[in-house]
Every structure is written in C-alpha cells, then in structure tokens.
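Scroll down for the structure; my scribbles are underneath it.
The values are calculated or read from the model by the stated rules, or taken from the named source; none is laboratory data. These numbers were taken from a predicted model, which means no experiment stands behind them. Methodologically, a virtual Cβ is constructed for each residue, glycine included, from the backbone with ideal geometry; neighbour enumeration extends over all protein chains shown.
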Amino acid sequence: MWRYREFLPVIDPANIVTLGEGFTPILPLQNLRSQTGDIEVMWKDEAGNPTGSFKARGIGMAVSKAKELGINTIVTPTAGNAGGALAAYAARAGIRAIVYLPVQTPQLFKDECRLYGAEVIEVDGSISDCGRLANEEALKNGWFQVSTLKEPYRLEGKKTMGYEIAEQFDWQLPDVILYPTGGGTGLIGIWKAFDELERLGWIGPKRPQMVAVQSQSCAGIVEAFQDKKVVSAFMDGGFTIANGLRVPKPYADRLILRVLYQSRGTALSVSDTDMADALKEIARHEGMLIAPEGAALWHAFKQLKATGWLRSGQKVLLLNTGSGYKYLENIT
Ligand SMILES: *Cc1c(COP(=O)(O)O)cnc(C)c1O
C-alpha cells in the first residue's frame, strides 16, 4: 500500500512499519457465474494480508505514524482481527501493545495477540464495552488509542483500498461495491479515496453505489437506512461468527449513512446460517476460503439480484476482508 505514500500521513519513510500489506488481487467469480446472469461479479480479496485481514492496512498505518510520533504504548478494543494486526505491527515497531477483546472472541484471535507479545485483556461484553474500558485506561495511563475512527490514521491506511480499486479497474470504477460493515472504516476510507482521486484528476465524478452489509446480530445501520435516519441506534444481538461485524453502534454511523445516501446505495443484513452456507459455497466452487464477513456479501449479492436492486450489465465488486482460516473453530 506504500506505493501511494505521497497520499499517506507518514512523513519520513524510515518510520514505515510494513509486513507487506496491500495490493491484493481482484479475482473474477469463476464457477458460480451461472448464478449471476449478466452481472459481472469480482472479489477484491484481502485474505492474503499479514495477519489474514485488511486490518493490516489501517493498523500498519497507525503503528507507522505512532512510531513517527515517538509513542511507546498503543491500545485498542477489538473484535479480533484489529488486535492481531496491532500485536504484529507493534512487535515489528518495538512498541508495547495492549488489546481489549470480548471474552467470546474465538481462541485463535486471543492466541495470535499473545504470540505477537501483546497484553490481552478479556472483557465480558461486546466491543463497545471493550472500547469504554480501553478509553478509561488510556486516559489514565497516557496510552495512544487506535479505536476505530477515534484517531485519523487507520482510515488513511484503509483508504488505500480505494486507490487500488481505481488503479486495478483502470480508473473506471465498478458500478456497485458491497462492503461488510463493522465500524465502517473501509467504507468511509474507500469513499474518501475516490474524492481524492477526483481532485487529482485521475477519475471523473462517477461513483459506485456503496452497499453496507451487516450481521443480523448488529444491524443498526440497516435499520437507520430503512428509516432514512442520519444516526443509528445501539443494537447488540450477541455472538455472531462474523466477529468483525459485532459492532453494536459504529462510532462513525453518521459518516457511513452519509456515504450510503450520497452513493444511492443500500444496506442489508445476513444471518449466521446464511453466512456459513455462503462461505462453504465460495470455498467449494471458487477455491477461496473467505472470512464469514466476506461471505455475507455473496448472500447479500444474491438477495439484491433476486429483488431486482442490481441491474443487468453492472460490474459488482465484493470486498472479502479476511481469511476464513482464522474462523474454522466456528464453521463446521
Ligand atoms: C474489522 C473487520 C470488518 C469490519 O471493518 P470496518 O471497516 O471496521 O467496518 C470486516 N471484516 C473483517 C474480517 C474484519 O476484521
């Protein structure tokens, strides 16, 4: 992702902390094309990122900037993947990392953080509770917090997906982008990248319709969108196999909803059963073991096609945000 470093906030390249994140492939749907009619479906597959998710982009940026700013302790609440990424990048930077995660988080995500040397604090609650505790301790101890969108740098890392999409599509953006929405950093970041690219004169004013896909466990954005609201309500239905989507009330709900309205997009939610079925279908027919968060998009795509929201001839990009390998204890 550092190929775009002129548009990123790290000033001295010596401060870049990298594990090889970014420039992930665009993979056209192959054997399931029989289900898509004349809609062209492609994945942008983030599974190959360090620590197995696109969190490597945002966290890589935040840790690089923390290094530049001389910070020695970083803390984050996490549903799993952000913690693993923070632990790894902090280890590489020689910075102390502390992560707060829900006790229900699958064991692998906890082990991963500990193996990278982070201090792991398990919280009996959701990521919202983790966020509250992390915030209290950070204020008390003077730690640098990288909670989603409460600092500016993770967004800058995630916006590189927007730069890549434009470059990989030869500066002709797809018609629709489906995004599995937790805190919404990627959705907002991609949108920001398109604005920057237009100001640079590299793309025109045409934008994809942006679709937020949530877990039925936490579908506050879907509800707000349907009611044409500008903020979302707190909504926590508990455990979901897509732990990255268990965000009861995104801090940036206003920004997420604004992108959906501006882009004439939509929002929909998917159940755990449908996510697991979609995950298996993609694995068996496409050779990709994607995260349940990404798998939710395949189910959402089929729904949007069935209702006629998607139109023939469109180019649709599905953003698989992580590797399914980390989730296997909950997929059978
Ligand atoms: C964190 C995460 C998400 C949600 O990302 P946001 O940009 O915060 O909405 C989706 N999928 C996976 C695999 C994640 O780890």
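A few notes on this one:
- Any hit, region 219-236, residues being over 19 Å from Arg57 (Cα atoms), aliphatic (A, V, I, L, M) and within 13 Å of the ligand (Cβ to nearest atom): yes
- If you go through region 55-85 and keep only what is small (Gly, Ala, Ser), at pLDDT 95 or above and within 11 Å of the ligand (Cβ to nearest atom), you end up with Ala56, Gly58, Ala82, Gly83, Gly84, Ala85.
- Here Ala47 meets the list (1) surrounded by 24 or more Cβ atoms within 10 Å (Cβ to Cβ); (2) in contact with a Gly (Cβ under 7 Å, 6 or more places away or on another chain); (3) of a type in the set (A, V, I, L, M); (4) at pLDDT 95 or above almost entirely, failing just condition (1).
- For region 91-109, the set of residues classified as within 16 Å of the ligand (Cβ to nearest atom) and farther than 22 Å from Asn141 by Cβ consists of Gln104, Thr105, Pro106, Leu108, Phe109, listed by residue number.
- Close contacts from region 236-261, counting a first residue that is more than 18 Å from Gly80 (Cβ to Cβ) and acidic (Asp, Glu) and a second that is near the ligand (Cβ under 10 Å from one of its atoms) and not in a helix (DSSP H, G or I), with Cβ to Cβ under 8 Å and a gap of 6+ residues or different chains, come to Asp253/Gly184.
- Restricting Lys67, Lys55 to residues that are in contact with a helix residue (DSSP H, G or I) (Cβ under 8 Å, 6 or more places away or on another chain) and closer than 14 Å to Lys158 by Cα narrows the list to Lys55.
- Hey, Gly244 within 15 Å of the chain's Cα centre (by Cα) and modelled with pLDDT under 95 or not: yes
- Single unsatisfied condition, Ser128 versus (1) in the same structural domain as Ala88 (by the TED database); (2) away from the ligand (no atom under 16 Å from the Cβ): (2)
- Qualifying residues in region 275-332 (those that are more than 11 Å from Ile241 (Cα to Cα) and polar (S, T, N, Q)) - the one surrounded by the fewest Cβ atoms within 10 Å (Cβ to Cβ): Thr332
- Here Met210 does not qualify as within 16 Å of the ligand (Cβ to nearest atom), touching a Pro at 6+ places or on another chain (Cβ under 9 Å) and either free of Cβ contacts under 8 Å to residues at least 40 places away in the same chain or in a strand (DSSP E or B) (or both).
- Test: residue in region 190-210 that is under 21 Å from His299 (Cα atoms) and among the aliphatic types (A, V, I, L, M): yes
- Contact map, region 29-57: residues that are on the phi > 0 side of the Ramachandran plot paired with residues that are within 16 Å of the ligand (Cβ to nearest atom) and assigned to a strand (DSSP E or B), Cβ distance under 8 Å, separation 6+ or inter-chain. Pairs shown: Gly52/Gly322; Gly52/Ser323.
- Long-range neighbours under 6 Å by Cβ, at least six apart or interchain, first residue farther than 11 Å from Trp191 by Cβ and in the same structural domain as Thr181 (by the TED database) within region 158-169, second buried (at least 22 other Cβ atoms within 10 Å of the Cβ) and of a type in the set (D, E, K, R): Thr160/Arg57
- Selection of region 151-201 for residues being in a loop (DSSP other than H, G, I, E, B), over 23 Å from Leu245 (Cβ atoms) and more than 16 Å from the ligand (Cβ to nearest atom) yields Phe169, Asp170, Trp171, Gln172, Leu173, Asp175, Gly201.
- Set side by side, the residues Pro102, Pro13 differ, and just one is out of contact with any Pro (no Cβ under 7 Å at 6 or more places or on another chain) and without any contact (Cβ under 8 Å) to a residue 24 or more places away in the chain, which is Pro13.
- Boolean, Ala88 is touching a residue at least 60 places away in the same chain (Cβ under 8 Å), within 16 Å of the ligand (Cβ to nearest atom), of a type outside the set (S, T, N, Q) and over 30 Å from Phe234 (Cα atoms): yes
- Index of the failed condition, Ile26 passing every other in (1) surrounded by fewer than 21 Cβ atoms within 10 Å (Cβ to Cβ); (2) over 19 Å from Lys158 (Cβ atoms); (3) not hydroxyl-bearing (Ser, Thr, Tyr): (2)
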